[in-house]
Amino acid sequence: MTTVHRTCPLCEAVCGLTLTLDGTHVTKVTGDRDDPFSKGYICPKGASLGRLDEDPDRLSAPLVREGDQWREVSWPEAFAAVEKGLKAISGPERAIYLGNPSAHSMAGALYGGPLVRALGTRNVFSASTADQMPKHVASGLMFGHPMTIAVPDLDRTDFLLMLGANPLESNGSLCTAPDFPGRLKALQKRGGTFIVVDPRRTRTAELADEHVFIRPGTDAFLLAGIAHTLFAEDLVSIGLPVEGLAEVEAVVKDFPPHVVEAACGVPAEVSVRLARALAAAPSAAVYGRIGTCTAEFGTVTQWLVDVLNVLTGNLDRPGGAMFATPATEGPRRRKPYRTGRWASRVRGLKETNGELPVATLADEIETPGEGRIRALVTVAGNPASSAPNAAKLAKALERLDFMVSVDIYLNETTRHANVILPPPRLLATGHYDFALLNFAVRNYARYSPPIIDTPDIETPSAEASGAAVSATEGPGTERPASPTTGNRPSESEILARLAMIASGYGADADPAALDEMIIGQLVGDHDPAELDGDDEAEKRLDAMLRLGPYGKWNGGDLTLRKLRDEHPHGLDLGPLQSRLPEILTTASGKVELAPPEIIEDVERLRARLDEAHPEFVLIGRRHLRSNNSWLHNIGPLVGGTNRCTLQINPADVDRLGLGEHALIQSAAGELTVVLEPTDKIMPGVVSLPHGWGHDGVRQRVASGNAGVNVNVLTDEKIIDPLSGNAVFNGVPVILCRV
Ligand SMILES: Nc1nc2c(c(=O)[nH]1)N[C@H]1C(S)=C(S)[C@@H](COP(=O)(O)OP(=O)(O)OC[C@H]3O[C@@H](n4cnc5c(=O)[nH]c(N)nc54)[C@H](O)[C@@H]3O)O[C@H]1N2
Ligand SMILES: Nc1nc2c(c(=O)[nH]1)N[C@H]1C(S)=C(S)[C@@H](COP(=O)(O)OP(=O)(O)OC[C@H]3O[C@@H](n4cnc5c(=O)[nH]c(N)nc54)[C@H](O)[C@@H]3O)O[C@H]1N2
Ligand code: SF4
Ligand SMILES: [Mo]
C-alpha cells in the first residue's frame, strides 16, 4: 500500500486528496488534511475518484466508427484516420468545441489555444457560452480583461448576498473555495450574515440567514432596484477611480423597488432592506452565479453585481469582492476589451472572447452555403447533452463529414464521431489548475505530478483484441481488451498531435516542436534549459510559474521544482490583496461603470418591466453527487434514486390535477417527466436538472438510469445578446396531464 496526494479535478473547489494505492489500484480516498487551502475537505465525488479512474466503461483504446460499429485501433492508426478526415476540409469549414473538463485539465489550458489556432477557423465553441460568458463580458468591459473577475472575499466578508448559486451542491463556481459550506458557516460564526436569492429553497438557502424567492430570469430587476435605492438614499460610497457613475445613476432611476417588485416578485421593502444592509455592513460582497448567468439578461445582471460592489465601496477591499493573484498570471496589456470582432455566419451573433455561441453550433452545421461547418473536433465536451436544443444539435452532428472527439467515454456526443481518442487514466496525468486559481478566495498553488506510470486501466477481460463491438452494449457485456496500442499518449500529447495534424504537419510530426516554439516565445531572454519537468507540459508550467507574480524570474523564488518537491500538499500564498488600479486594462485606466453596450441593453430590460409573465418557467439545478452529464456511470454516486425529476410546487400539481407524471412542452420540444412535488420551489416555477437523458451511450450504469434531457426543452433561439450565452433559466413551458 502506498499513499499519494493530488488535487481533485472534478469541480472548481480544487480539494487536495489523499489516495491509498494497492499497486495502481485506488483503495481509499480521503481529504488531504495537510492541504493549506482545503484542509481535509472532501465531497462524495472526490471520494469516488478511484471508481471513476477505474471505470471499466472508460475507453482504453482509440475507436474508429464504421457505420454503427466501432473498431478499436492503435494510436498511429487513429491519428492517421484524423489526418485523412481533416485534410479534406479547409480551415473555415472546421470547428472546435471545448467542454467543461478542459477548463480543469493541463491539456486544455496548455494545448486548447494552440489547437484552436492550428485548425485555422473562427468556428470556436465551448461550454463557456452555456455557462459564464456573461461574467467574462461584463468584467472585460468594466475592468479591461475578461479574466479580471472579482470573487467574494469569503473568509473575511461580513455580509454576502448570493444570487443563483447553490454551493452546498455545486461546491462553488467562479469562486474557488474548497469547503464552501464550512466557509459559509465560519462567516456566520464570526457574526456575519449571508442571504440567498433563488427561486428554490436550496440547501444553501436553508443554511442562510435569509432566503429570498425570485422569479427566474429577473435578478437584473432586483439588483437595479438595489442600486436605485443606494442612490436615492445617498448610500453610495466609492473608494476607487471610476468612470460613468452619473450614467449608472441615470439608468437605474427607472427601477425603483416598488416598480421592479411586480417584475421580479421580490417585495419592495426587501430590496430596500438589502440595499441598506449592503451599505451598512463593515464589508460586503454580492456574488451571482449560474442561475444569473444563463438567463436572458445575463450580462446586465453580472454588470449590476459588480456595480453594487463598487457603489458600496466593496470592490477590491478586504471582505468585499476581490481579485486573486494566481501564480501563473501573465502580464496584461492595456487594450480595451471588445466583443463582436466578427459574427456567426448564419445568425450574425457576436463573437465574445474569440468564441461563437454554442446556441448556434447546430445552425452552422445545418445551413448550406460557403463556410458551412463540415468537420468538428470536440474535447472533453458533451454538447449533444449540454447545449440548448440539444436534440437539434445531435441531429446536426450526423451531417458532419468528419468528427473527432477527445473523450474518456462513448456518449451522446462522441457516438457521432468518426474517431474517438481517449486520454489515459487520471492518476497517470499531472494536474495544475491554471484557470480556476484565477478565481480563488485565497492565493494558492498546488501541482500534482502523475502518480502512476500505467496509463491504462487494467481490465481482466482476455477476449480477442480488435474485435468489433456494437455501439451500445447492454449492461453486463464484457468489453474486449484493447489491442496493443504502443505508448498511450497523454491528453496533452493527443491535443498537441491534433494541432500538428490540423496545421498540415501530419500524423507523424513530433509535437515537441510546438512546445519548443511556445516556450521560446514565453521565456524571452531567460534560458529554457533552466526549466524543469518530465514532459513539455511540465516545462511550460515551470516557465509560467517562474515568470508569474511569485516567480524566480520575477523577483520571487517560485519554480515548479519548489512547488512540487517542497509543497506537495500545496502552497498557501496568503489572503487576497487589493490590486486596483494596477490590474485595470481599460482605456481610461479606471473602472468603467457604464460601458455603452451595457447601458444600451438596460433599455431592453426597461421594456420588460410591464410584460406579462408566462404561467410556468423552467429552471435547472445541480446535485452534489452528480457532475453535468458524466458521473452517472459511477454506481455508488448515483445510488438507487431517480434524481432526474421535475420539482414543482404542490399547489401547481393540485391546480392542474397532475399525477405522478406530466408532459412538459416548450418552444423547442417536449418531454414526459416524473414529478417531485415540493414546497421548496416557487409556484409557477419548475426545475429539471441537466446532464440526463442518456441515450446510445456505452456506459452500463448510466444507461440503466437514463432520465430525460432537459435540453430538449431549452430554446437555442433565445440568448443573452451581449454574451451569446445560452438561456437555461426562465424558459417558458406548458404542463399537461398524461
Ligand atoms: N439545461 C442546462 N444545460 C446546461 C447547464 C444547466 O445548468 N442547465 N449547465 C451548463 C454548464 S454550466 C456547463 S459547464 C455545460 C457543460 O457542458 P459540456 O462541457 O459540454 O458537458 P459535460 O457534461 O461537462 O461533459 C464533459 C465531457 O468530458 C468528458 N471528460 C471527462 N473528463 C475528461 C478528461 O479528463 N478528458 C477528456 N478529454 N474528456 C473528459 C466526459 O466524458 C464528457 O463527455 O453544460 C451546460 N448545460
Ligand atoms: N455536484 C455538482 N457540482 C458542480 C456541477 C454539477 O453538475 N454537480 N457543475 C459544475 C459547473 S459546470 C458549474 S458552472 C457550477 C455551477 O455552480 P452554481 O452556480 O452554484 O450552480 P447550481 O448548483 O446549479 O445553482 C444555481 C442555482 O440558481 C438557481 N436559479 C435558477 N434560476 C435562477 C434565477 O433566475 N435567479 C436566481 N437568483 N437563481 C436562479 C437554481 O435554483 C440553483 O439553486 O457547478 C459546478 N459544480
Ligand atoms: S468539492 Fe469538488 S474538488 Fe472537492 S472533492 Fe468534491 S468534487 Fe473534488
Ligand atoms: Mo459550468
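Here are the numbers for the structure shown:
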{"read-out": "Search result, residues across the range 335-392 that are in a loop (DSSP other than H, G, I, E, B) and of a type in the set (Ser, Thr, Tyr)", "value": "TYR337, THR339, SER344, THR367"}
{"read-out": "Test: residue in the range 121-135 that is more than 15 Å from the chain's Cα centre (by Cα), away from ligand 2 (no atom under 16 Å from the Cβ) and part of a helix (DSSP H, G or I)", "value": "no"}
{"read-out": "Qualifying residue in the range 74-87 (condition: away from ligand 2 (no atom under 16 Å from the Cβ), acidic (Asp, Glu), touching a strand residue (DSSP E or B) at 6+ places or on another chain (Cβ under 7 Å) and modelled with pLDDT of 95 or more)", "value": "no"}
{"read-out": "Test: residue in the range 500-512 that is assigned to a helix (DSSP H, G or I), surrounded by fewer than 17 Cβ atoms within 10 Å (Cβ to Cβ) and modelled with pLDDT under 95", "value": "yes"}
{"read-out": "The range 199-215 residues that are not assigned by TED's automatic domain parsing to the domain that holds ARG622, paired with ones that are of a type in the set (D, E, K, R) and surrounded by fewer than 22 Cβ atoms within 10 Å (Cβ to Cβ) (beta carbon under 6 Å, 6 or more apart)", "value": "ARG200/LYS680; ARG201/LYS680; HIS211/ARG201"}
{"read-out": "Any hit, the range 102-118, residues being among the charged types (D, E, K, R) and surrounded by fewer than 20 Cβ atoms within 10 Å (Cβ to Cβ)", "value": "yes"}
{"read-out": "Residue ID - farthest from ligand 2 (Cβ to nearest atom), chosen from residues in the range 280-294 that are surrounded by fewer than 22 Cβ atoms within 10 Å (Cβ to Cβ) and farther than 14 Å from ILE195 by Cβ", "value": "PRO282"}
{"read-out": "Failed condition for PRO44, given (1) surrounded by fewer than 17 Cβ atoms within 10 Å (Cβ to Cβ); (2) more than 23 Å from the chain's Cα centre (by Cα); (3) within 16 Å of ligand 3 (Cβ to nearest atom)", "value": "(2)"}
{"read-out": "Cβ pairs under 6 Å, 6+ apart, first in the range 21-50 and among the aliphatic types (A, V, I, L, M), second in a loop (DSSP other than H, G, I, E, B) and within 16 Å of ligand 2 (Cβ to nearest atom)", "value": "ILE42/CYS15"}
{"read-out": "Unique residue being β-branched (Val, Ile, Thr), touching a helix residue (DSSP H, G or I) at 6+ places or on another chain (Cβ under 8 Å), farther than 20 Å from GLU493 by Cβ and buried (at least 19 other Cβ atoms within 10 Å of the Cβ) when the list is VAL73, VAL82, VAL14", "value": "VAL14"}
{"read-out": "Exclusive hit being within 16 Å of ligand 3 (Cβ to nearest atom) and under 26 Å from the mean Cα position of the chain (by Cα), set ASP57, ASP35", "value": "ASP35"}
{"read-out": "Selection within the range 170-188 - within 26 Å of LEU17 (Cβ to Cβ) and either part of a helix (DSSP H, G or I) or more than 16 Å from ligand 1 (Cβ to nearest atom) (or both)", "value": "SER170, ALA177, PRO178, ASP179, PHE180, PRO181, GLY182, ARG183, LEU184, LYS185, ALA186, LEU187"}
{"read-out": "Residue within the range 141-151 that is in contact (Cβ under 8 Å) with a residue 24 or more places away in the chain, within 13 Å of ligand 3 (Cβ to nearest atom) and part of a helix (DSSP H, G or I) present", "value": "no"}
{"read-out": "Counted residues, the range 713-728 - those being more than 21 Å from THR301 (Cβ to Cβ) and surrounded by fewer than 21 Cβ atoms within 10 Å (Cβ to Cβ)", "value": "0"}
{"read-out": "Among the residues listed as GLU296, GLU261, the single one being in a loop (DSSP other than H, G, I, E, B), among the charged types (D, E, K, R) and farther than 27 Å from ASP155 by Cα", "value": "GLU296"}
{"read-out": "Cβ pairs under 7 Å, 6+ apart, first in the range 620-631 and farther than 16 Å from ARG51 by Cβ and modelled with pLDDT of 95 or more, second in a loop (DSSP other than H, G, I, E, B) and near ligand 2 (Cβ under 6 Å from one of its atoms)", "value": "GLY620/ASN729; ARG622/ASN166"}
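Here is a yes/no grid of residues against (1) among the small types (Gly, Ala, Ser); (2) assigned to a helix (DSSP H, G or I); (3) crowded, with 20+ Cβ neighbours inside 10 Å:
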residue: PHE194; (1), (2), (3): no, no, yes
residue: GLU206; (1), (2), (3): no, yes, no
residue: ARG215; (1), (2), (3): no, no, yes
residue: GLY225; (1), (2), (3): yes, yes, yes
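The values are calculated or read from the model by the stated rules, or taken from the named source; none is laboratory data. In this text, all values refer to a predicted model and were calculated from it rather than measured experimentally. Using ideal geometry, Cβ is built from the backbone for each residue, glycine included, and neighbour counts are taken over all protein chains shown.
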